[in-house]
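Engineer: Got a structure for you, questions after.
The values are calculated or read from the model by the stated rules, or taken from the named source; none is laboratory data. Quick caveat, the model's predicted, so the values are computed rather than measured. Reconstructed Cβ throughout: ideal geometry from the backbone, glycine too, with neighbour counts over all protein chains shown.
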Amino acid sequence: MKELLQVAVPYLPVTLLAMTLLLLSPNVGEVGRRRIALLFGLGAICLIGLSFSKAGAPPSTLDVVNPFPMGPDMKSTPVHIETVTAPGWQWPLACACFCGLVMLIVFGTVRLGFRAPKPASYCAFIATVFAAMRLVLEKNAAPQGLVWATGGSIGLPILVGFVGYYSGGRKHGFGQFVLTLVLFALLQRAALSGIAWFATMRHWGTHLDVNALTQLNTPIGGERTFGADPTDKWVWGILVPQMGLWVVATVALGLVIGTVGWLFGRRARG
């Protein structure tokens with residue numbers, strides 16, 4: 001797990017900046033949105049150039065893995081799910097399409113009024129978008145570091161910060177902010193669990209496909225050994241941890257980082 005996070009570090013400034021800009025876009029004026037759209041447009045152009053430069057290069061290969069707690073000590077152990085091979089130009093083109101689509105959407109909203117969006121639903125939506133983008137990167141054999149630097153979980157500190165900021169911006173009291181934080185955690189993890197259901201049942205070969213899981217040891221479910229039933233693997237490998245442990249962890253992190261955002265949001269709105 002540590003090695004996987006280390007290879008993600010060089011890509012984190014780019015992926016986390018993209019997430020931050022998307023989270024920020026509803027709350028800035030026309031000039032701010034034009035600048036955000038421009039940045040994504042420039043990113044799309046650079047990625048198209050990278051895609052062209054990789055035409056004719058050897059195919060890219062990615063080992064799709066996902067760590068799960070195993071053994072008596074619940075050690076995080078990577079489970080190999082699939083090896084993906086794709087032409088090297090595909091993943092930059094997929095990223096370019098993502099940036100181009102974001103550019104068009106943001107540019108199309110430049111004249112709309114700006115205000116704090118609904119914190120739970122908007123932040124959960126952005127988290128789901130980045131989780132889906134990670135699946136696209138996996139199926140196009142993107143670099144391992146870029147794959148692990150993309151997603152809702154790696155950007156969780158930023159997400160809960162914006163939940164707090166927008167909650168404060170909408171003049172929520174602290175109690176309402178906490179309820180919003182819980183709702184965000186439930187929405188984010190429910191969406192991820194739903195995607196994992198389809199990934200597993202349809203054998204997508206992404207990190208949310210748990211067909212390769214043979215054993216597991218979690219604080220909630222204890223030690224388990226799995227047969228061929230994909231539903232059993234999804235329930236204990238995805239649903240229970242996501243809707244239990246991850247919700248608690250998200251709320252706990254949000255009570256620290258999100259509270260700071262909530263205070264800034266209230267101050268910004270006077």
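Engineer: Residues that are touching a residue at least 60 places away in the same chain (Cβ under 8 Å) and either closer than 29 Å to TYR165 by Cα or of a type outside the set (Val, Ile, Thr) (or both): which helices (runs of 4 or more DSSP H) entirely in region 203-270 hold 2 or more of them?
Structural biologist: Once the helices (runs of 4 or more DSSP H) in region 203-270 are filtered for at least 2 residues that are touching a residue at least 60 places away in the same chain (Cβ under 8 Å) and either closer than 29 Å to TYR165 by Cα or of a type outside the set (Val, Ile, Thr) (or both), what remains is 247-253, 259-268.
Engineer: Considering region 87-121 alone, what residues qualify as being touching a Pro at 6+ places or on another chain (Cβ under 7 Å) and buried (at least 17 other Cβ atoms within 10 Å of the Cβ)? Write out each step before concluding.
Structural biologist: The first filter runs over region 87-121 and keeps only residues touching a Pro at 6+ places or on another chain (Cβ under 7 Å), leaving 87-88, 114, 117.
PRO87, GLY88, PRO117, listed by residue number.
Engineer: When you look at LEU146, is it over 16 Å from the mean Cα position of the chain (by Cα) and hydrophobic (A, V, I, L, M, F, W, C), yes or no?
Structural biologist: Judged against the criteria, LEU146 is not a match.
Engineer: A further question follows. Out of everything in region 154-193 that is crowded, with 20+ Cβ neighbours inside 10 Å and small (Gly, Ala, Ser), what residue ends up being nearest to the chain's Cα centre (by Cα)?
Structural biologist: GLY155
Engineer: Might you check whether a residue that is closer than 14 Å to THR250 by Cα, in contact with a Cys (Cβ under 8 Å, 6 or more places away or on another chain) and modelled with pLDDT of 95 or more occurs anywhere in region 167-181? Lay out the reasoning, then the answer.
Structural biologist: Taking region 167-181 first, the residues closer than 14 Å to THR250 by Cα are 177-181.
Pick out the ones that are also in contact with a Cys (Cβ under 8 Å, 6 or more places away or on another chain) and you get none.
No, every residue in region 167-181 fails to be closer than 14 Å to THR250 by Cα, in contact with a Cys (Cβ under 8 Å, 6 or more places away or on another chain) and modelled with pLDDT of 95 or more.
Engineer: Pull up region 41-56, narrow it to residues that are under 10 Å from GLN90 (Cα atoms) and of a type in the set (Gly, Ala, Ser), then point me to the one that is surrounded by the most Cβ atoms within 10 Å (Cβ to Cβ).
Structural biologist: The selected residue is SER51.
Engineer: Determine which member of the set ASP63, ASP73 is acidic (Asp, Glu) and touching a Ser or Thr at 6+ places or on another chain (Cβ under 6 Å).
Structural biologist: Unique residue meeting the criteria: ASP63.
Engineer: Kindly evaluate THR61 against the criterion of being in contact with a strand residue (DSSP E or B) (Cβ under 6 Å, 6 or more places away or on another chain) and without any contact (Cβ under 8 Å) to a residue 12 or more places away in the chain.
Structural biologist: Values: in contact with a strand residue (DSSP E or B) (Cβ under 6 Å, 6 or more places away or on another chain): yes; without any contact (Cβ under 8 Å) to a residue 12 or more places away in the chain: no.
In short, no.
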